[in-house]
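Report on the structure given below.
The values are calculated or read from the model by the stated rules, or taken from the named source; none is laboratory data. It should be emphasised that the depicted structure is a prediction, and the values quoted were computed from it without experimental measurement. These accessible areas exclude ligands, DNA and RNA; they are computed on the full protein's heavy atoms, side chains included. Shrake-Rupley method; radii C 1.70, N 1.55, O 1.52, S 1.80 Å.
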Amino acid sequence: MHIKCGFEISYDCPKPTPMLLVLSVHPSRVRDLVTPHRIQFDPHVPARDYVDGFGNICTRITAPAGKLTISADFTIRDSGVADVIAPEARQHTIEELPEEALVYLLGSRYCETDRLGDIAWSLFGNTQPGWARVQAICDYVNQRIKFNYQDARPTRTAWEAYNEQKGVCRDYAHLAIAFCRCMNIPARYCTGYMGDIGVPRVDPMDFSAWFEVYLGGQWYTFDARNNIPRIGRILVARGRDATDV
């Protein structure tokens, strides 16, 4: 299956402004590109890429004073298979975890494990460890938060999302990630494209947030906002939380 993707973002800067953009397809999906992924700038500005500590492609520019439009338009190959469901995936003990997964057990800017630890254990301590526990977390977060684009706020944390009970996809992801980490399950934040393949189109298509957990020796995709397997996720970046991506 081929998926056509793209974006157009405009900024109006009062003076030259350094920018760090995380808008390229993740290196793990580059081999699936049917057409090149090139970020375009109008007016043209010099740009250079580097790979950050989480393996994401980042682009550095200095936006000129005035209006700058950033865009991309590309086609990518996808399996057309929905997110994997693996009920048998087990939860590892901490001592079994690979070193690279340990950072995803720690609290981070938007995922306050210190504030949510007692709540997490009271809600999920009696659930079956592993896949069932993560699904229970997703079910709870899906019901706890009411989705509304008008309620988006870039400073909202997992703790605030839990208390305010409203937000957008990033808030669902942050709260679910924080609960997973509290339960000693490595969880990392993901952002990318997610279209309406296989589901009724409800909202305008947009960049979206979901998360991945480490179970049974590999990373699996979960999505507390939609809470159903989806087709055609195109990963852009991963990290501890929205700070990194």
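Structure summary
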quantity: Where Lys146, Lys166 fall by accessible area, highest first, once all protein chains stay in place (1.4 Å); calculated: Lys146, Lys166
quantity: Apportionment of accessible area to carbon and sulfur, the chain, percent (1.4 Å); calculated: 51
quantity: Helical mean residue ellipticity (222 nm; -39500 (n - 2.57) per DSSP H run of 4+; nearest 500) of the chain; calculated: -6000 deg cm²/dmol
quantity: Tail fraction, Cα-Cα pairs, the range 88-245, threshold 26 Å, whole percent; calculated: 19
quantity: Rounded to the nearest 10 Å², the accessible area of Phe54 at probe 1.4 Å; calculated: 60
quantity: 1.4 Å probe accessible area per residue over the range 1-67, in Å²; calculated: 64
quantity: Relative contact order for the range 1-112, counting Cα pairs under 8 Å that sit 6 or more residues apart, in percent; calculated: 38
quantity: The range 105-245, accessible area per residue, ligands and nucleic acids excluded (1.4 Å, Å²); calculated: 41
